[in-house]
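Data block below; observations after.
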Protein chains: 2
Amino acid sequence: MAATIAQPSSVTSLALAAKSAARRLAAVDSATKHAALLAIADALEARLPEILAANAHDLEAGRAAGLSTALMDRLALDEARVRGIADGARAIAALPDPVGEVVDGGRLANGLDFRKVRVPLGVIAVVYEARPNVTIDAAALCLKSGNAVLLRGSSSAAHSNEVLARIAGEAAIGAGLPDGALALVAGGGREELTELAQLEGIVDLIIPRGGEGLKKAISAVARVPVIYAAAGNCHVYVDATADLEMATRIILNAKVQRPGVCNAAETLLVHSSVALAFLPTALAALRERGVELRGDGRVRSVDPSVTEAVESDWAEEFLALILAVRVVDSVEEAIDHVNQYGSGHSEAIVTNDRSSARAFQLGIDSACIYVNASTRFTDGGEFGMGAEIGNSTQKLHARGPIGVRELCSTRYLVDGDGQIRG
Amino acid sequence: MAATIAQPSSVTSLALAAKSAARRLAAVDSATKHAALLAIADALEARLPEILAANAHDLEAGRAAGLSTALMDRLALDEARVRGIADGARAIAALPDPVGEVVDGGRLANGLDFRKVRVPLGVIAVVYEARPNVTIDAAALCLKSGNAVLLRGSSSAAHSNEVLARIAGEAAIGAGLPDGALALVAGGGREELTELAQLEGIVDLIIPRGGEGLKKAISAVARVPVIYAAAGNCHVYVDATADLEMATRIILNAKVQRPGVCNAAETLLVHSSVALAFLPTALAALRERGVELRGDGRVRSVDPSVTEAVESDWAEEFLALILAVRVVDSVEEAIDHVNQYGSGHSEAIVTNDRSSARAFQLGIDSACIYVNASTRFTDGGEFGMGAEIGNSTQKLHARGPIGVRELCSTRYLVDGDGQIRG
């Protein structure tokens, strides 16, 4: 049965069912997958009262447990949010099917024709916290890319996740996807997580979406491949030739527009030759938006009201209205700072100098490197991937936004007429 | 210092030096890398006596330790083998540089131009057994792809590896590559291997090339990403419409041409409708080449001299002149057999039926799936990649031959004119 809350003992059996479903799902045509995602979206809207009733249970339990206002807000669903979730599934339905895409090919010297084609990974487990919308986002991305999906949400959203997964599973099966292709793994303990993360040969990939505690818990026990949705200690560097008004717009956007996300800026680096011209205006604008500033000695010599930064501030992902600020003497010094303290996520240079831009883009070992744009664009939606399951700062397999293509593997298909090796 | 035998305590310091070198190496132009690989090849030939003297030490120690004839042969170098190693480095030099290749790109809705470009991974550790030629093959592939390389060979080849790595390191530095870009990690114990495999954030990838014992040892301790050079339980399936002469040629080639390698066939599946027409001739030809046959009941009813196969024979990578043989009633049954028992490496169907070929290629979850060709073609050289560091049966990052492109990551470079996110 898809989409029922499993007993802890059945993690492995759910995964085996998912593996069996994955083999059939890999051969399902695009039109059927498209129809299934639309059916999921329609069913979510049609069964709104069930969803809101289940969510009310979670909210009540959350209140009783004393969850913070922020967590309660992340947990809460209403009609608009459910319609948003359904529209998200429709947007994923509308994406090109990655399965079968030919990513390389040619004719070998011996006449063999080869194609390197995209194929589903198989079974993907997504482990996430709080927000129930991830249940549908993750399911839609995995199903679109032909993968069976095992979902494991947090216990605080258990009722909401259960009803969302059940509705989605029923709609998917009704539209022709194989039974077992979507299942929710229940049980609040770490035992099920460990079991899931050690199902070598059954689970092909596990993706944790959550805080550092969740990542560490999985890292400690995982035997199946993991892609970690990344932390982001992102930088904006204002070079000597920067358009200073543009630089102010960019650092304001990168820091303030949504400070709690991984592609928000955490450190501002400023070339010494423009520090006096740039910092007073920029820091005032940041402060006006409620940003707490922590600077080095040269920043504080321009603006003594800035708090003194300590070493750990350069390495911190604040995820809050806090910004570390430092003056550097060259683009090379900025590059070294980013490579030393950064998390390899997203960095931006504001410059009108070609060689500075080139040095910054070639010299920094991060997933996304911007010239004259905000770091906030590192996002599957913004990159035209339609949606993402997170951002990776790993160097293997997927770096940057993880969309439907990144949820695939490849396979070589080789056609001959009797070739043997000499 | 590159390319000196390190004391066990210096694994981490060698890796840190490699990481520092990797940053500089990533920016080295193609011409310099090309010249460095040619310099390595020339130096190996010029310093042949040093290499043979060191190899004689290893051979002497091997004899004293009672190494098998096969192992002694793998260990031995002579002038022809050294020239072969040098020519291998020249062939890798001649490959296109993967660094900087644009693998995706376009203009986003907001006017941002993005390029997804190939970049080196950083520091790659290669752990290998016996054959000293891997020292140069692995070094050349890593350097060509802009990666610093840490080599760890087996203690039985310590002297040979040391002199090969020293010559290569000196030649590379002389040609302009950064000091530290190539280093040999010495020490025969598992402690250094553990240390190497746990250098998170310093070593970007570890590739074991060797037997299952080595893979298990690394799997048990690794905290850095690993790509395992794969075992291969490969299949040849002879379909109802096969050209039976072609089928005989293909199974003979797949089984006999080089039985000790991962892309050799281990199981022959035959459609029941051609079992009587095909098996007597094919089995006789195999037996004539010294192949031991283990068959199911239906095979033995055609040829009672075939040994009875046991369940474990279907899952075994014999790496020897042994072949398991089974009769099936359909392509679907062949597909199920391969998916159940295979290792996901390379499979071949011999058929003249379009729908059988298509079902086999779409239905089997392996790295390489051939129609009317030998499984022996799964090889970087045969695939036009020039050389490989192994074959991967993993689904993430690299599946199939691991060449210079697979030793790279990607990075998004994004160019704008002041874009901020709304």
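Hey, with R₀ at 60 Å, roughly what FRET efficiency would residue B:83 and residue A:241 work out to, going by the Cβ-Cβ distance, to 0.05?
With R0 = 60 Å, the Cβ-Cβ based efficiency is 0.65.
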*At a probe radius of 1.4 Å, what is the per-residue accessible area of residue B:23, in Å² to the nearest 10?*
100 Å²
*Would you work out the charge dipole size for segment B:234-377 about its Cα centre, treating the Cβ of every Lys and Arg as +1 and the Cβ of every Asp and Glu as -1, and quote it to the nearest 20 debye?*
480 debye
*residue B:179/residue B:358 FRET efficiency (R0 56 Å; Cβ-Cβ; nearest 0.05)*: 0.55
*Return the long-range amide H neighbours of residue A:103 (sequence gap of 5 or more, or a different chain), with a cut-off of under 5 Å between placed amide H atoms.*
A:116, A:117, A:118
*What residue among A:235, A:159, A:345 shows peak mean-square fluctuation when chain A is described by a Gaussian network model with Cα springs under 10 Å?*
A:159
_Just want to confirm a number: the relative contact order over chain B, from Cα pairs under 8 angstrom separated by 6+ residues, in percent._
19 percent
_Overall dimensions of segment B:234-377 as given by Cα atoms, namely Rg and Dmax in Å_ = 13.1, 36
*So who's got an amide H within less than 5 Å of the one on residue B:237, skipping anything under 5 residues away but keeping other chains? H placed 1.01 Å off N, in plane.*
B:269, B:348, B:349, B:350
_Residue of chain B whose Cβ sits closest to the axis mapping B onto A, with distance in whole Å_ = B:397, 2
*Using θ = phi - 60° and the Karplus relation 6.51 cos²θ - 1.76 cosθ + 1.60, list the HN-Hα couplings for segment A:364-376 in order, rounded to whole Hz, with x at every Gly or Pro.*
9, 9, 10, 5, 9, 10, 9, 10, 6, 7, 6, 5, 5
*Computed E for residue A:64/residue A:339 - FRET, C-beta separation, R0 56 angstrom, nearest 0.05*: 0.75
*asked:* Taking the Cα centroid of segment A:361-396 and of segment A:106-149, what is the distance between the two, rounded to the nearest whole Å?
replied: 20 Å
*Mind pulling the angle between the C-alpha long axis of helix A:354-363 and the longest principal axis of chain A? Nearest 10 degrees, somewhere in 0 to 90.*
50 degrees
*Mind checking the angle between helix B:11-25 and chain B's longest principal axis? C-alpha axes, 0 to 90 degrees, to the nearest 10.*
80 degrees
_A drop of at least 20 square angstrom in accessible area, chain alone versus all protein chains together, probe 1.4 Å. Which residues of segment B:351-378 meet that?_
B:361, B:362, B:365, B:367, B:369, B:370, B:371, B:372, B:373, B:376, B:377
*Anchor residue B:33: lysines whose Cα lies under 18 Å away (excluding residues fewer than 8 positions away in-chain)*: B:19, B:144
*Subtract the Cα-Cα distance of residue A:281 and residue A:45 from 0.36 nm times their separation in residues, and report this length gain in nm to one decimal.*
80.2 nm
_Relative contact order (%) - criterion: Cα under 8 Å, at least six apart; region: segment A:234-377_ = 34 percent
*Over segment B:288-376, average the accessible area per residue using a 1.4 Å probe and give it in Å², no decimals.*
41 Å²
*Other-chain or far-sequence residues with amide H under 5 Å of residue A:265's (modelled H)*: A:255
*Between chains B and A, what is the buried accessible area summed over both chains (1.4 Å probe, protein heavy atoms, nearest 100 Å²)?*
5300 Å²
*asked:* Given a 1.4 angstrom probe, what's the average accessible area per residue across segment B:91-162, in square angstrom?
replied: 28 Å²
*Considering only the protein assembly as shown, what is the antiparallel percent among its DSSP beta bridges, to the nearest 5?*
25 percent
*Nearest-ten-degree value, helix A:133-144 long axis tilted from longest Cα axis of chain A*: 60 degrees
*Determine the share of the protein assembly as shown's accessible area contributed by carbon and sulfur atoms, expressed in whole percent, with a 1.4 angstrom probe.*
52 percent
*Nearest-20 debye value, chain A charge dipole, Cβ charges on Lys, Arg, Asp, Glu*: 800 debye
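The values are calculated or read from the model by the stated rules, or taken from the named source; none is laboratory data. Bear in mind the structure is a predicted one, so any value in this text is a computation, not a measurement. Positions of Cβ are backbone-derived with ideal geometry, glycine not excepted, and every protein chain shown enters the neighbour counts. Just the protein is used for accessible areas: all its heavy atoms, side chains included, with ligands, DNA and RNA removed. Shrake-Rupley method; radii C 1.70, N 1.55, O 1.52, S 1.80 Å.
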